[in-house]
Structure formats: structure tokens, C-alpha cells
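See below for the structure under consideration.
The values are calculated or read from the model by the stated rules, or taken from the named source; none is laboratory data. Predicted model only: the values in this text are computed from it and were never measured. Cβ placement follows ideal geometry from the backbone for every residue including glycine, while neighbour counts extend to all protein chains displayed. Accessible surface areas use protein heavy atoms only, side chains included; no ligands, DNA or RNA. Shrake-Rupley method; radii C 1.70, N 1.55, O 1.52, S 1.80 Å.
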Amino acid sequence: MKEEVFMQMALRLARRGLGRTRPNPPVGAVVVRDGHVAGKGYHKRAGTPHAEVLALGEAGRKARGATLFVTLEPCSHHGRTPPCVDAIVRAGIRRVLVGSVDPNPAVNGSGIRALERAGIEVSTGVLKERCDELIEFYRKYITTGTPFVTVKLATSMDGRIATKGGDSRWITSTASRRYVHRLRDIYDCVMVGAGTLRRDDPELTVRLVRGRNPVRAVVAEGLNFRASLKFFADDGTERLIFTTKEGEADRQKRFEELGVEVVPTMRASNGVSLRAAIKELGKRGITSVIIEGGSRLAASVLKEGLADRIMFFLAPLVIGGDGIPALRGLGVERLGDAITLEKVRVRRFGEDMMVEATPCLQG
């Protein structure tokens, strides 16, 4: 269908904004006149013109009597920018095709109703599943106030993330690692535990592909880190340490001089409250977090039901039972208490296999 072709174009445009629009969603728009594209645009970052406004601006006078394809329902309320509905009406658009209805309670159909009251024909649901998938981070954030959380693990076929001596570089292939760097480019934040930071000294940046670095976060009970760790190298991006420890003023001052913010966080029975840390990220407008280790942090996130997605990158090698397990401390005694995985998808990256699924707690 011709309609799907133009919505696909709008989706491709929208994906350019992934990881760059927080706390707003990525959106793409295309203005079509007499079967030809007259204007196109995508939302680039919060506070800048929305996709519809950019597409209408490019179309100019050709927008009058034209059709607008947009991946997400146009806004009808004043935020950091004026309502897109007003711009659409002024431009003389005859028909609007919408992919997803906006889950934001401040919109949620009001934009569509405003367009219809202005005499504009509106159709919804064009490539709906793909448009809904595009805004899955935003949907979680705008309806709960907390970010979408993905747990990523790179393991051997027998579920080990390192040898018994701690050697883990590199379990997976360059193709897998390149894909993980693409994920870092589109997630707002990457998070690791204190053990991973000390043992692996990860950069947590985007290097194997072109992209921007996410916010970097560490969960740690104390602040006993070497300042020479790569995490403390200032690249202009936000860096956070969530900690319960008090009385380490000298270390805190040193880290803050390096541009790292130390965030006092509630204590849970097993250390830092992950629920509180993730809630705090939501307050900062972070819509998505990818957790890359270690095994205790990943297990705790899954055990507490905080994960929306899990990704296993499985390499074709066997380390053995004395290696470090991918998930340590789940405490499952009966199969009926195990975490089940739904909506399972499998992909190949070189010789590696990636299993992606939605975790579901039993009971």
C-alpha cells in the first residue's frame, strides 16, 4: 500500500532521533502532495521543533490540501514548543495519518480530536505495531515515571560471563560488541555495578559505531574506586554514582571535581535500592537504561521485577562450572519460582547468538 510506504519513510526518519530526544519520544513526519513527498522531518532533541513542524516548514505552500504522515499523534498542548495541531491546521493539511496514539495522559487522543474538530480527516493505526515499538521507551517512561530497563549479558554457552580467574575479554565477537555499541547510542543511560567497574575498568562509551555517549551510572555501596578508572575520564557526558555510603566526603569531593555526581540513595536489604536508583533516573528525564553487569546487579534487577527486557549474547564456547555465572543470587529453589521469558526472539551476530525476551516473574 502507498500509505505504508510513506509511513515507513516517517519511521526511518524518526529512528534518527533515537537516544537524542529525552524525555520526548522519537517522531518522524512526511507531507505528501499528489503522491509525492513535499516535506519531511524528525524530532532531533527536546526543546527543538517537532517532526510535524519541520515537515510542514519544508513543504511550505505545498502543504495546503496535502496529507501528513506522522508516527505519533500530534500534540495539542503547550510544552517547550507550541502545539503541533495548531501548525497543522494553519498549514491547510487535508488529511493526517497517525501511526500510534500518544500514551501521554496530556495528549492521548486529544490531538486527534482537535484535528477532527478543525475539519481534518484523521486515520490511525498505519503500521501501528512498528510505530508502537518505536516509542516503547517513551511509553514506559510517560506512563510510570520510570525508564525502560534492559539487562544485557554476554555469556558462554554454559552461562558464564568470565573464567574462574575473572577473564572476560572478549567472550563475544566483534559483531556482537558492535551491536551493543549501537544500543548504547540509543539508550539514555548505561549502568553497571561496582564490581564490574573495578574488575573490568569499562569505558561504557560508544566507540565501535558512530554515535553519542549515554549517561553512565554505577551502583555502589561505597566510593572506594581508583580515580584513574576510565569511568572518571570526563568526555562531557553525565556520570552518576548511586551509593548508600556516607562519611566519605574526601572521595566524594574528588569525584565531583572530576565531573561525577554522587547520588545518595536509599538502602535496601542487599545494598543500594535499585528501585530508588531507577526512580531517580526517571526524575532526571531518562527514559531508558541498559544494564551491562555484573552478575549480582543483573540478578537483582530481574529478581525485583525491574527489567522490561533481557538480552543474552551467547558465544560458541564453554567455560565450565567454576566460571563466574551470568546471574548470581536469584535464589530460585523450585522451577515454579523461576523467571520465565516471553516474546522470545533470536538473532545471529557472526558466530554468536542473541536471545532477546521479556522476563516474567511467576506468581
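Checking the cross-link filter: which aspartates and glutamates have an alpha carbon closer than 17 Å to that of Lys303, excluding same-chain neighbours under 8 positions apart?
Glu292, Glu333, Asp337, Glu342
Would you tell me the accessible area of Met157, worked out with a 1.4 angstrom probe on the heavy atoms of the protein chains, in Å² to the nearest 10?
The accessible area of Met157 comes to roughly 100 Å².
On a straight-distance basis, which lysines could pair with Lys230 in a cross-link, Cα separation under 17 angstrom, same-chain partners fewer than 8 positions away excluded?
Those lysines meeting the cut-off do not exist here.
With label points built 7 Å along Cα→Cβ from the Cα atoms of Glu4 and Leu229, find their separation and express it in nm.
4.9 nm
So what are the ³J(HN,Hα) numbers for the range 155-165, from phi and the Karplus equation (6.51, -1.76, 1.60; θ = phi - 60°), rounded to whole Hz, Gly and Pro as x?
9, 6, 5, 9, x, 10, 9, 6, 6, 5, x
Computed from these coordinates, which is mean projected area of the Cα convex hull in nm²: (i) 34.0; (ii) 20.1; (iii) 17.8?
(ii)
For the chain, with a Gaussian network of springs between Cα atoms less than 10 Å apart, report the residue from Thr67, Thr144, Thr243 with the top mean-square fluctuation.
Among Thr67, Thr144, Thr243, the largest mean-square fluctuation in the Gaussian network model of the chain belongs to Thr144.
Need the full-extension length gain, Cys360 to Glu257, defined as separation in residues times 0.36 nm minus the C-alpha distance. One decimal, nm.
Contour length minus the Cα-Cα distance gives 32.9 nm.
Could you pull the accessible area for Lys128 with a 1.4 Å probe, rounded to 10 Å²?
100 Å²
Take the chain, connect every pair of alpha-carbon atoms lying under 10 Å apart with a spring to form a Gaussian network, then pick out the residue of Ile135, Ile291, Ile339 with the largest mean-square fluctuation.
Ile339
Select from Thr124, Val107, Trp170 the residue farthest towards the positive end of the dipole of the range 68-194; place +1 on Cβ of Lys and Arg, -1 on Cβ of Asp and Glu, and compute about the Cα centre.
It is Trp170, whose Cα lies furthest towards the positive end.
Excluding Glu73 itself, what net charge comes from residues whose Cβ is under 11 Å from its Cβ, given Lys and Arg +1 and Asp and Glu -1?
Summing Lys/Arg as +1 and Asp/Glu as -1 gives -1.
Output the antiparallel fraction of DSSP beta bridges having both residues in the chain, as a percent to the nearest 5.
Of all bridge pairs located within the chain, approximately 40 percent are antiparallel.
With just the Cα atoms of the range 299-363, tell me how far they stretch along each of the three principal axes, in Å, largest first.
37, 30, 19
Greater than 23 Å separation of Cα atoms is the criterion. Which listed pairs, Lys152/Lys279; Lys128/Lys279; Lys140/Lys245, meet it?
Lys128/Lys279; Lys140/Lys245
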